[in-house]
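Peer 1: The structure under discussion is supplied below as structure tokens; questions concerning it will follow.
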Amino acid sequence: MTAPTIGRLAAADTRWVAERIAEAFLVLPATRWLVPDEAKREAVFADNFEILVDHAMRHGLVFGTADRDAVAVWFPQVGDESPAPVDYDDRLAAACGEWTPRFQHLDELFAANHPHPDHHHLALLAVRPGRQGQGLGTALLRHHHAWLDAHGVPGYLEASSEAGRDLYARHGYRLREVFRLPDGTPFYPMWREPAGG
């Protein structure tokens with residue numbers, strides 16, 4: 001199988017990237033607690049992810065396959081110096097409506113468990129549901145890991161499923177202490193040292 005072509009995406013791609021992530025993430029257990037209303041779930045997540053993707057277009061790195069079936073959103077993290085998205089609180093409330101407190105709770109969990117050494121944070125990795133299991137996520141990981149390894153930079157992420165946790169473990173990520181949503185749904189924070197580091 002030919003490796004997919006991967007490129008860096010631009011601001012004009014923000015909305016479809018957000019929609020791709022929302023579509024892919026609907027199967028994840030955490031989404032049901034965050035937005036209990038199934039009929040509204042995908043739209044709320046697309047609007048929420050648009051905030052993060054827009055921020056990554058300005059302060060991070062967004063990569064996608066040429067066929068638009070898979071995307072990855074990375075944020076370089078230097079110590080605690082990480083700018084917040086512009087007007088984040090207002091934009092979060094507009095995107096998430098009555099479920100805003102749940103997303104704020106998740107943000108607090110992420111912040112409390114986030115490591116402080118310099119690293120690149122894989123905030124989001126998503127593959128269109130019909131294309132999952134075909135190596136697109138692996139290709140996106142390898143693409144940026146090559147840069148991380150060449151520059152001696154660790155990687156960090158929060159896996160939101162056992163399948164994701166296992167995928168990332170195969171790529172050198174090591175599990176840290178698990179944290180949970182109020183309903184018990186786990187997140188798996190994981191850290192990867194650069195190859196040769």
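Peer 1: Can you find, within region 20-36, the residue that is nearest to TYR188 (Cα to Cα) among those that are part of a helix (DSSP H, G or I) and touching a Phe, Trp or Tyr at 6+ places or on another chain (Cβ under 8 Å)?
Peer 2: Applying the filter and picking the extreme gives ALA30.
Peer 1: Pairs only if they're at least six apart or on different chains, beta carbon under 6 angstrom, first in region 179-197 and polar (S, T, N, Q), second open to solvent by 20 Å² or more (accessible area, probe 1.4 Å); list them, first residue then second.
Peer 2: THR185/PRO29; THR185/TRP33
Peer 1: Within region 100-124, take every residue that is touching a strand residue (DSSP E or B) at 6+ places or on another chain (Cβ under 8 Å), aliphatic (A, V, I, L, M) and over 20 Å from ALA24 (Cα atoms) and give me the one that is surrounded by the fewest Cβ atoms within 10 Å (Cβ to Cβ).
Peer 2: ALA112
Peer 1: Looking only at region 153-197, count how many residues are open to solvent by 50 Å² or more (accessible area, probe 1.4 Å), modelled with pLDDT of 95 or more, farther than 18 Å from PHE25 by Cβ and not in a strand (DSSP E or B).
Peer 2: Looking only at that region, the number is 6.
Peer 1: Go through region 29-45 and count every residue that is closer than 20 Å to GLY137 by Cβ and either buried (at least 19 other Cβ atoms within 10 Å of the Cβ) or in contact with a strand residue (DSSP E or B) (Cβ under 6 Å, 6 or more places away or on another chain) (or both).
Peer 2: Matching residues across region 29-45 total 3.
Peer 1: Hey, another quick one. Quick check, is ASP47 acidic (Asp, Glu) and in a loop (DSSP other than H, G, I, E, B)?
Peer 2: The answer is no for ASP47.
Peer 1: Moving on to the next point. For region 89-109, which residues satisfy the criterion of being under 30 Å from ALA12 (Cβ atoms) and either modelled with pLDDT under 95 or among the aliphatic types (A, V, I, L, M) (or both)?
Peer 2: LEU92, ALA93, ALA94, ALA95, LEU106
Peer 1: Tally time: how many residues in region 138-152 are small (Gly, Ala, Ser) and either in a strand (DSSP E or B) or open to solvent by less than 30 Å² (accessible area, probe 1.4 Å) (or both)?
Peer 2: Here the count works out to 1.
The values are calculated or read from the model by the stated rules, or taken from the named source; none is laboratory data. Bear in mind the structure is a predicted one, so any value in this text is a computation, not a measurement. Neighbour counts run over all protein chains shown; Cβ positions are idealised from the backbone, glycine included. The area values use the complete protein model at the heavy-atom level, side chains included, leaving out ligands, DNA and RNA. Shrake-Rupley method; radii C 1.70, N 1.55, O 1.52, S 1.80 Å.
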